[in-house]
1. Name the single residue that is farthest from the ligand (Cβ to nearest atom) among those in segment 363-373 being in contact (Cβ under 8 Å) with a residue 12 or more places away in the chain and within 13 Å of TRP501 (Cα to Cα).
2. Is it the case that some residue within segment 487-506 is within 16 Å of the ligand (Cβ to nearest atom), buried (at least 19 other Cβ atoms within 10 Å of the Cβ), over 15 Å from ILE381 (Cα atoms) and in contact (Cβ under 8 Å) with a residue 12 or more places away in the chain?
3. Do the conditions hold for LEU516, that is, is it touching a residue at least 40 places away in the same chain (Cβ under 8 Å), surrounded by fewer than 18 Cβ atoms within 10 Å (Cβ to Cβ) and within 22 Å of the chain's Cα centre (by Cα)?
4. Name the residues in segment 428-454 that are assigned to a helix (DSSP H, G or I) and among the charged types (D, E, K, R), would you?
5. Applying the selection to segment 507-529, what residues are outside any helix (DSSP H, G or I) and within 16 Å of the ligand (Cβ to nearest atom)?
6. Hey, could you check segment 38-74 for residues that are farther than 18 Å from HIS460 by Cβ, in a loop (DSSP other than H, G, I, E, B) and not polar (S, T, N, Q) and say which is farthest from the chain's Cα centre (by Cα)?
7. Where in segment 154-255 are there helices (runs of 4 or more DSSP H), lying wholly inside it, with at least 1 residues that are in contact with a helix residue (DSSP H, G or I) (Cβ under 9 Å, 6 or more places away or on another chain), aromatic (Phe, Trp, Tyr) and surrounded by 14 or more Cβ atoms within 10 Å (Cβ to Cβ)?
8. Residue by residue through segment 390-448, note down the ones that are of a type in the set (Asp, Glu) and either closer than 20 Å to SER472 by Cα or out of contact with any strand residue (DSSP E or B) (no Cβ under 8 Å at 6 or more places or on another chain) (or both).
Amino acid sequence: METKYIFVTGGVVSSLGKGIISSSLACLLNAHGYRVTIQKFDPYINIDPGTLNPYEHGECFVTADGHEADLDLGHYERFTNVPTSRANNVTTGRIYRNVIEKERRGDYLGKTVQIIPHITDEIKRNIRLLGETGRFDFIITEIGGTVGDIESLPFLEAVRQMRWELGSNSLCVHLTYVPFLHAAKELKTKPTQHSVKELQRLGIQPDILVLRTEHDIPDQMRDKIAQFCNVAKDSVIQSLDCPSIYEVPLMLHRQHMDEIVLRKTGETPDGEPHMKPWLDFVEKIRKAREEVTIGLVGKYVELQDAYKSINESLFQAATYCDRRLNLRYIHSEKLTEENVAEMMAGLDGVIIAPGFGSRGIEGKFVAIKWCRNHDIPTFGICLGMQCMVIEYARNVLGYSDANSTEINPSTSHNVIDMMEEQKHISNMGGTMRLGAYDCRLTPGSRVAEAYGKTEISERHRHRYEFNDSFRSEFEKSGMRCVGENPQSHLVEVVEIPGKRWMIGTQYHPEYSSTVLNPHPLFLSFMKAAIEEK
Ligand code: GLN
């Protein structure tokens, strides 16, 4: 079949869950047997989100091919089980960079380079890249931002042109918000009407409206919206708050969104989508009664999105262990020797979060020491692993000034040090050790047992590493290096075998845990946390 393009735009306000709607639609189309990928076009000027503080747009996701990406790509992978790549996330910055490089090369000799057609052509070229590989039947393109923003205009113009060129091989899903006014006890459709008008003004007629709402939208109201917005009534779909994001595909399916998309793109729906494994998972979420309490020690705890992939990996693992996840955020800046007992009371397991810089790092050492002494299952990820190594050096090896050179460049016990290859790099953007690298696990280790194999590949995002010159000292005193890169011999995993579950990984397993393929290390950690209970 010819590749079909589905564009997803958003109106009224941001944070309506375009990423979840796109992922849920992809999940349903997948379940109908189609090959689907989702890509996100972000209107900001940064080349990628790699240098952004998590307070800006939440976690930075990392693809296997080493691209620092928007966190929505994490949802795409979790919902579809299909890996994404550099091509799945493009920003205004990248579009402009490409165009300016072409201009310098002389590709446009003689011409004035302009937003239309040069920037819009470059956007269209990028939108089509994955479609041209022949690997996908449907390409879902999410346009970041909100309709009406100045920065998203070139993207919407590109969408308008592509819809014109593709005809029925494309369609537009527009997501809006229907607020409920408590004082008037009324749902209001005006913001939706305005945002559709804005889209129409740009030459785009949405085919399907998804209305984010906190209350059921009455039938007459759907009629009214359909009529005012030139959309068929059955294509006005409501997106009510769900108890879990993993119920959203089911909610859309109940309103036949998959069927409508297939019909409108000239495909014949062949019966029910194959959602059995997904339904089993959702059933487990609904049935889980007993709680498991996990503490997440980090410095971005005010913002849920900062640790999105870790949250979801924990949720998936807890669900597969028939538990309800009670995730407690513990602010590492507030943790001290004095309050640690109180702040960490009642935890079944603890995650030491990834991160950069010195803010809140001392609290992580306090947390790790507490967990080590009380034998609480502990999982350190990236900076979290590095902190486990430093804490061990300080409190077991007796090097009170042990540190990472990221935090203290002049420490004499630099148990974590900058990677050799990083020492000559001065640009900050996209220059870390990024993406998937092989790792060989020590047979018989806890971590090898968790994976059920010794050859693995995991995603990275770091500049610092375990300093190999301290390796034998650590090994002798009980912290073992049980995973290393076969080529560079970088230490990728440490564990303390004497403990119930104390493992640190230099890589980020949270990036590869999906609903249908929960990550074995998170499962193993969760089992240990439950056992202790
Ligand atoms: N800041 C550490 C490094 O660069 C850890 C990075 C991380 O946790 N992602 O090595």
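The values are calculated or read from the model by the stated rules, or taken from the named source; none is laboratory data. The structure presented is a predicted model; accordingly, all values stated were derived computationally and were not measured. Quick reminder, even Gly has a Cβ in these numbers, built from the backbone with ideal geometry, and neighbours come from all protein chains shown.
1. The extreme case among them is ARG372.
2. Yes: segment 487-506 contains one or more residues that are within 16 Å of the ligand (Cβ to nearest atom), buried (at least 19 other Cβ atoms within 10 Å of the Cβ), over 15 Å from ILE381 (Cα atoms) and in contact (Cβ under 8 Å) with a residue 12 or more places away in the chain.
3. Spelling it out, LEU516 is indeed touching a residue at least 40 places away in the same chain (Cβ under 8 Å), surrounded by fewer than 18 Cβ atoms within 10 Å (Cβ to Cβ) and within 22 Å of the chain's Cα centre (by Cα).
4. Of everything in segment 428-454, those that are assigned to a helix (DSSP H, G or I) and among the charged types (D, E, K, R) turn out to be ARG446, GLU449.
5. TYR507, HIS508
6. ILE45
7. Output list reads 219-229.
8. GLU391, ASP401, ASP417, GLU420
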